[in-house]
Amino acid sequence: MLHGEAIAVGMVLATYISNKQEDFPTDKLTEIKRVILDMYGRVEFEDSDYESIIDLMNQYALDQMGGGEALPESVKQSMVTEMAKVPGAFTVLAMVDGKAAGLINCFMGFSTFKAKPLINIHDVIVSEEFRGLKLSQLMLEKVEEVAQQRNCCKLTLEVLQGNKVAQNAYVKFGFAGYALDPVMGSAMFWQKAL
């Protein structure tokens, strides 16, 4: 289940409760359900999906590309529920023979220069035992499909300079460095911890 789908389920449930307890109009509840079902269809999800996301993210954190340290317990406990609160966030979870093999976490953004939404690919992980199966390409295809459904103008991501394997996978999928004017150079990704 994508995170966006989980949020959509929550929206329907919250609207249903409002209808039953707060006299929210039934016709509006029906309209919201119809729009969300048209957009996402019916989705089945299990608690094990949440566990898989946390496990894969911890594998990523333990990897040299993720900083080499396990996620703090507080992050493991709150990550999925906090991501579910972010509008438009979703996770693509790849399964191989019933095992969680990889994931991509995505967040919605907005391009002011195109006046359209965009999707930022925030985390990409393929579990070591499943590398070489082209799972990253399959997951990226699903992200692109969601982006097209949401009328996005582009996908964005950041990648470490030393992560040549990931860079090759992204180039293969069609990603390239970003520059508005080559004279001014490529965009850089910076952060300030708070």
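The values are calculated or read from the model by the stated rules, or taken from the named source; none is laboratory data. Nothing here was measured: the structure is a model prediction, and the numbers come from that model. Here Cβ is always computed from backbone atoms with ideal geometry, including for glycine, and neighbour counts include all displayed protein chains. Surface accessibility is based on the protein's heavy atoms, side chains included, excluding ligands, DNA and RNA. Shrake-Rupley method; radii C 1.70, N 1.55, O 1.52, S 1.80 Å.
Brief remarks on what is shown
- Scanning the range 65-93 for residues that are among the hydroxyl-bearing types (Ser, Thr, Tyr) and in contact (Cβ under 8 Å) with a residue 12 or more places away in the chain yields a total of 1.
- Cβ pairs under 8 Å, 6+ apart, first in the range 139-156 and over 16 Å from Phe175 (Cβ atoms), second open to solvent by 30 Å² or more (accessible area, probe 1.4 Å): Gln149/Met39; Arg150/Met108; Arg150/Pro117; Asn151/Lys116; Asn151/Pro117
- For beta carbons closer than 6 Å, sequence separation of 6+ or different chains, a first residue in the range 110-138 that is more than 18 Å from Asn163 (Cα to Cα) and a second that is open to solvent by 70 Å² or more (accessible area, probe 1.4 Å) and basic (Lys, Arg), the qualifying pairs are Leu118/Lys154.
- Criterion applied to Phe113, Phe130, Phe107 was being within 24 Å of Leu71 (Cβ to Cβ) and more than 11 Å from the chain's Cα centre (by Cα), and the one residue passing it is Phe130.
- Scanning the range 55-79 for residues that are among the aliphatic types (A, V, I, L, M), open to solvent by 40 Å² or more (accessible area, probe 1.4 Å) and part of a helix (DSSP H, G or I) turns up Leu62, Met65, Val75.
- Qualifying positions in the range 163-175 - farther than 16 Å from His122 by Cα and without any contact (Cβ under 8 Å) to a residue 12 or more places away in the chain: Lys164, Val165, Asn168, Val171, Gly174
- Scanning the range 178-193 for residues that are part of a loop (DSSP other than H, G, I, E, B) and without any contact (Cβ under 8 Å) to a residue 24 or more places away in the chain turns up Tyr178, Ala179, Leu180, Asp181, Gly185, Ser186, Ala187, Met188, Trp190, Gln191, Lys192, Ala193.
- Among the criteria (1) closer than 18 Å to Gln64 by Cβ; (2) touching a strand residue (DSSP E or B) at 6+ places or on another chain (Cβ under 6 Å), the one Val159 does not fulfil is (2).
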